[in-house]
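This structure is in structure tokens; I'll ask about it shortly.
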Amino acid sequence: MAFESQDHAKAYWKENLSLMLKLLSVWFIVSFGFGIILVDVLNNITFFGFKLGFWFAQQGAIYTFIVLIFIYIKQMNTLDKKYKVEEE
């Protein structure tokens, strides 16, 4: 990976870290917030016949993680193209 300049490299990693922090925040909110902290509140709502808090702890968090992986892939490919460091 060769950047055009040191400024491009710094900007690339700044955007990369920003993206990772946003996705990790979503991961934390879904897994810890919905699956543990807010489970009692969410259990008052049913989703496909299950209590929502239980569903998030068992299945919803996994689905969210998979979606986050695909979002990361798409965003990183876009970022790589922006800074002209994509793989061929």
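Ordering T46, T78 by how much accessible area each has at a 1.4 Å probe, largest first, what is the list?
Largest to smallest exposure gives the sequence T46, T78.
On to the next question. Which is farthest toward the positive dipole end of the chain among G60, V85, M20, measuring Cα position about the Cα centre, with Cβ charges +1 (Lys, Arg) and -1 (Asp, Glu)?
My answer, from the dipole projection, is G60.
In deg cm²/dmol, rounded to 500, what helix-only [θ] at 222 nm does the chain give when every DSSP H run of at least 4 residues adds -39500 (n - 2.57) and the total is split over its residues?
Mean residue ellipticity, 222 nm, calculated: -19000 deg cm²/dmol.
Accessible area per residue of the chain at 1.4 Å probe, in Å²?
76 Å²
Another question, then. Cα convex hull of the chain: mean projected area in nm², to one decimal?
6.8 nm²
Same structure again: Considering only protein heavy atoms and a probe of 1.4 Å, how much of the accessible area of the chain is carbon and sulfur, as a whole percent?
Roughly 66 percent, rounded to a whole number.
For the chain, what does the relative contact order come out to in percent, with C-alpha contacts under 8 Å and a separation of six or more?
35 percent
The values are calculated or read from the model by the stated rules, or taken from the named source; none is laboratory data. Every value quoted in this text rests on a predicted model; they were computed, and no experiment measured them. A quick note on method: Cβ atoms are made from the backbone with ideal geometry, for glycine too, and the neighbour counts reach across all protein chains shown. For accessibility, only protein heavy atoms count, side chains too; no ligands or nucleic acids. Shrake-Rupley method; radii C 1.70, N 1.55, O 1.52, S 1.80 Å.
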